[in-house]
Amino acid sequence: MVKFCKDGSDAMDGAIRLARAYTGRDLIAICGDHPFFSTADWFIGSTPMPAGVPEWTRSRTLKFAYNNRESVEQLMRESGSQIACVVLEAARLEEPRDNFLSWLQETCRRHGVLLVFDETITGFRWHKSGAQHVYGIQPDLSAFGKAMANGFSVSALAGRRDVMRLGGLDHDGERVFLLSTTHGAETHALAAAIATMETYRDHDVVGHLYRQGERLRAGVTAAAHRAGVERQVECLGRPCCLLFTTRDRQGRPSQEFRALFLQELLKRGVLAPSFVVSYSHTDGDIDLTIQAAAEAMGVYRQALDNGVEKYLVGPPVKPVFRPYA
């Protein structure tokens, strides 16, 4: 079954309520290596910005490490009978190793825990049927969004009928207040989603993302070697969803160098908080981005040698999740 909503947070919040209602349990286990799942208290309370979230709510969310069976097993040993669901992206920058996702699904089933995939990013990017298709895993609940409607405000919560029906009317149990949005009845976003999915059906959109992402990765990697910053600027992730690193001389993540790299890319006409490509990116766009990155990395090299503060025009960017300004 599927329920349409407006953003990924709506869909994930619905999944959490359904999981708790279905299992009668309170605890949520999330992958601590994945940066964002929702704006709601069950997630925000687990971040470095938990102000306004009651301590009891914060304590209901536990964390495990991706590809780390022991971290999952420890949670199950200590709290398995109280965990409603395990929440994660099927993959992010790191691919699943040693059948981790299959093992995780079996572990969840053994403990009566629902498996929830956040496919807000991976859906319609890893594959038109989502990352779950790529890895051969069918979770109990899934959230989709972002590329689903090409920028229009629509998302989807999909899952097993026996779980999803708790948010409907065709059962005798206690009802789950699943979703209610002011603009829930508007239909132009659904029309956009239909048109977008028809484009995925009729054209090799995902193949284009992989091809252009691979071209971009190869070009940026070669430029980094030429500039002598291959230890600092590196493309990570699948070609269809590339991110880049910005490290200092010691190889540590640096917000100052991130600000510098973004600044120099912008000077050359490229807005790139990441290197995530789209279906609209042409070969010319990729070539322009590679050239801009190569020139920006020349400045990056100088900043490594002479001090980044000499090259920054404004203050450095800051991470979203930080306790103080």
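The values are calculated or read from the model by the stated rules, or taken from the named source; none is laboratory data. Every value quoted in this text rests on a predicted model; they were computed, and no experiment measured them. Here Cβ is always computed from backbone atoms with ideal geometry, including for glycine, and neighbour counts include all displayed protein chains.
Overview of results
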{"read-out": "Residues that are under 11 Å from Arg249 (Cα atoms) and either aliphatic (A, V, I, L, M) or under 31 Å from the mean Cα position of the chain (by Cα) (or both), drawn from region 299-311", "value": "Tyr300, Arg301, Ala303, Leu304, Val308"}
{"read-out": "Only one of Gly251, Gly269, Gly314 that is closer than 30 Å to Ala90 by Cα, over 22 Å from the mean Cα position of the chain (by Cα) and either assigned to a loop (DSSP other than H, G, I, E, B) or in the same structural domain as Gly45 (by TED's automatic domain parsing) (or both)", "value": "Gly251"}
{"read-out": "Hits in region 91-125 (condition: of a type in the set (S, T, N, Q) and outside any loop (DSSP other than H, G, I, E, B))", "value": "Ser102, Gln105, Thr107"}
{"read-out": "Counted residues, region 272-294 - those being surrounded by fewer than 16 Cβ atoms within 10 Å (Cβ to Cβ) and either in a helix (DSSP H, G or I) or on the phi > 0 side of the Ramachandran plot (or both)", "value": "6"}
{"read-out": "Pair list, Cβ under 6 Å, 6 or more apart: region 104-121 residue under 20 Å from Asp13 (Cα atoms), other residue surrounded by 22 or more Cβ atoms within 10 Å (Cβ to Cβ) and among the β-branched types (Val, Ile, Thr)", "value": "Cys108/Val86; Val113/Ile83; Val113/Val86; Leu115/Val86; Val116/Val87"}
{"read-out": "Odd one out for Ala29, checked against (1) within 18 Å of the chain's Cα centre (by Cα); (2) on the phi > 0 side of the Ramachandran plot", "value": "(2)"}
{"read-out": "Among (1) assigned to a loop (DSSP other than H, G, I, E, B); (2) touching a Leu at 6+ places or on another chain (Cβ under 8 Å); (3) surrounded by fewer than 16 Cβ atoms within 10 Å (Cβ to Cβ), the one test that Leu243 misses", "value": "(1)"}
{"read-out": "Extreme residue, farthest from Ser274 (Cα to Cα), among residues of region 211-240 that are among the charged types (D, E, K, R) and part of a helix (DSSP H, G or I)", "value": "Arg226"}
{"read-out": "So Met164, is it more than 17 Å from Ala15 (Cα to Cα), outside the structural domain of Pro239 (by TED's automatic domain parsing) and in a helix (DSSP H, G or I)", "value": "no"}
{"read-out": "Filter result for the condition that a residue is closer than 24 Å to Leu178 by Cβ and small (Gly, Ala, Ser), over Gly151, Gly145", "value": "Gly145"}
{"read-out": "Any pair with Cβ under 8 angstrom, 6 or more apart, that starts in region 162-188 at a residue that is without any contact (Cβ under 8 Å) to a residue 12 or more places away in the chain and surrounded by 10 or more Cβ atoms within 10 Å (Cβ to Cβ) and ends at one that is of a type in the set (D, E, K, R) and part of a helix (DSSP H, G or I)", "value": "His171/Arg165"}
{"read-out": "Single condition Leu260 does not satisfy, out of (1) without any contact (Cβ under 8 Å) to a residue 60 or more places away in the chain; (2) surrounded by fewer than 13 Cβ atoms within 10 Å (Cβ to Cβ)", "value": "(2)"}
